[in-house]
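Report on the structure given below.
The values are calculated or read from the model by the stated rules, or taken from the named source; none is laboratory data. The shown structure was predicted, so the numbers you read here are calculated from the model rather than taken from an experiment. Here the Cβ positions follow ideal geometry from the backbone for every residue, glycine too, while neighbour counts run over all protein chains shown.
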Amino acid sequence: MKTAKSFPTNFLWGGATADFQYEGGFNEGGRGLLSRDFETNGSQANPRHHTLKLPNGKVITPRSSFILADDVPADVEPVFLADQYYPSHQAVDFYHHYKEDIKLMAGMGFNIFRFSICWSRIFPTGEENEPNQAGLKFYDDVINEMKKYGMEPLITICHDELPMNLVLKYNGWASRKVIDAYVKYAKTLFEYFGDRCRYWLTFNEINAVRGFGPTGVRKADGQARYQAAHNMFVASAKTVKLGHKLVPGGSFGAMFAMSELYPATCKPEDMFHHLQERRENWYFIDVMGRGYYPNYAEELWQRHGFEKITIDPADKEILKTGQLDYIAFSYYRSNITKKGDGWFNVGGSANPYLDKTPWGWPVDPLGLRYCMNEIYDRIQKPIFIVENGIGAIDQADENGYVEDDYRIEYFQQHLSAMADAINIDHVPCLGYTMWAPIDLVSLSTGEMKKRYGFVYVDMDDEGHGSLTRTPKKSYQWIKHVIETNGAAL
Ligand code: BG6
């Protein structure tokens, strides 16, 4: 049996980022406002909030639900409060550091870089007829800079965000109007960048819609969430079809959050609960990867308290003909579940066999191999690991240098598990983009101190710092792994 840590010669090695966590420049180049721009920073103990104003002028700060908080009145207006820090505004300023950052990525040997395009940089309100030229120019410059180093772009069209106008005017993805706005946006990207960009993702972690996710829908009960998800499925399928026409050699996936999930015990009730909870994720992958709603969809909807969603007659054909070419996923952790746990069990019960990061995320390298196998067994399309990494507290010395042996250990174990899935289990895997090449803002907490990068960025949780970039110890380590195409693992 072949057990060497070897990878296909054309294996794609790189890093991944998201615009509102990385890019900044929120009021430059004609960029419109995003739902994310009104989200404060937070911590594990203090959740992030949106800042909103009622018609009577009263300010409310509901807990953020990633796009806009649930259960807020329809007539709120977003506001910026002087005493709050909004991490998306500056993020770590890729907007002004892209040349330096791309050079640092090239220094690690990346042949691909996954980034998301900020929708409101291209269509500030989502509704313009013509795109914002300054926004297109920024990404044009980024792509050309990458190409200098032989790096392929992997573009996330929509990473957990919406132009704020679409959230307020249409109640986000609850409305089919947003399907049209999205397809127009995606078409523009294909027309401008399709000659240089082959790899695309229609959505980031689309299955997160079931719990807290990126729908922009207010007062989102189960039915509203699954209706929003349906509208996103249709938007994705239409976009894949369009991409096949407009992008020569293009390959189109979507990204799913794949925390592996184990039953807490072998008690039959826990096993069955695990099957049902697993289907909460498969639902998304099945529809987008196989092109039709699975047999268990109605049972799942009933579990969430409703009987059906509205599916236009033409939608079935669109889903069938707009299937994904590959399945991309993020993997950070595994969880366990048992009967009685809720249906969105991200935290799960504690797994006694696993250590946890300082943010309580269980570390489970074998879970990655398990996950790769599970997805391929089911969908039989190539997979792409587009996020994996460890959020840790780094102690930088006076020169900004970090000895991050814990990060090296994490990647050593996870990359080895990936190699086993490829070499022993023969799972076809296009590539691996680590989260994240360079420190950036945490999505869940808005913190800077939850660091993921191979490069340290001098910035604190309130945005203070020189933004100087300094490679960490792990930078040289990953460089060596990539230059040996994994043989050094
Ligand atoms: C994924 C997201 O869920 O996890 C990223 O796609 C996010 O945007 C990453 O940053 C890690 O999560 P966090 O909350 O630690 O930043």
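So here's what we get for this one:
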item	result
Residues within segment 424-436 that are out of contact with any Gly (no Cβ under 6 Å at 6 or more places or on another chain) and either buried (at least 18 other Cβ atoms within 10 Å of the Cβ) or among the charged types (D, E, K, R) (or both), tallied	6
Leading residue by the ranking (surrounded by the fewest Cβ atoms within 10 Å (Cβ to Cβ)) among those in segment 169-208 that are among the aliphatic types (A, V, I, L, M) and within 16 Å of the ligand (Cβ to nearest atom)	Ala208
Conditions (1) modelled with pLDDT of 90 or more; (2) in contact with a strand residue (DSSP E or B) (Cβ under 6 Å, 6 or more places away or on another chain); (3) surrounded by fewer than 24 Cβ atoms within 10 Å (Cβ to Cβ); number of the one not met by Asp140	(2)
Selection from segment 16-40 of residues that are within 16 Å of the ligand (Cβ to nearest atom), of a type in the set (S, T, N, Q) and outside any helix (DSSP H, G or I)	Thr17, Thr40
Positions within segment 350-377 being under 14 Å from Asp425 (Cα atoms) and either more than 16 Å from the ligand (Cβ to nearest atom) or of a type in the set (Val, Ile, Thr) (or both), in sequence order	Leu366, Arg369, Tyr370, Met372, Asn373, Glu374, Ile375, Tyr376, Asp377
Elements of type strands (runs of 3 or more DSSP E) contained in segment 323-408, each with 2 or more residues being at pLDDT 95 or above, among the acidic types (Asp, Glu) and farther than 23 Å from Val441 by Cα	none
Selection status of Ala257, over 19 Å from the mean Cα position of the chain (by Cα), surrounded by fewer than 23 Cβ atoms within 10 Å (Cβ to Cβ) and not basic (Lys, Arg)	no
Residues of segment 120-148 satisfying the condition of being more than 16 Å from Phe94 (Cα to Cα) and within 20 Å of the chain's Cα centre (by Cα)	Ser120, Ile122
In segment 209-228, residue modelled with the lowest pLDDT [restricted to those that are small (Gly, Ala, Ser) and surrounded by 23 or more Cβ atoms within 10 Å (Cβ to Cβ)]	Gly213
Long-range neighbours under 9 Å by Cβ, at least six apart or interchain, first residue modelled with pLDDT under 95 within segment 7-28, second within 16 Å of the ligand (Cβ to nearest atom)	Phe7/Tyr432
Options Tyr406, Tyr456, Tyr475: the member that is among the aromatic types (Phe, Trp, Tyr) and surrounded by fewer than 19 Cβ atoms within 10 Å (Cβ to Cβ)	Tyr406
Boolean, Leu154 is touching a strand residue (DSSP E or B) at 6+ places or on another chain (Cβ under 9 Å) and over 26 Å from Ala314 (Cα atoms)	yes
Subset tally (residues that are in contact (Cβ under 8 Å) with a residue 24 or more places away in the chain and over 16 Å from Val240 (Cβ atoms)) for segment 273-292	8
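So that you can scan it fast, the table gives a plain yes or no per residue for (1) within 16 Å of the ligand (Cβ to nearest atom); (2) in contact with a helix residue (DSSP H, G or I) (Cβ under 6 Å, 6 or more places away or on another chain):
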position	(1), (2)
Ile408	no, yes
Gln412	no, no
Asp425	no, yes
Gly431	no, no
Val441	yes, yes
Lys472	no, no
Tyr475	no, no
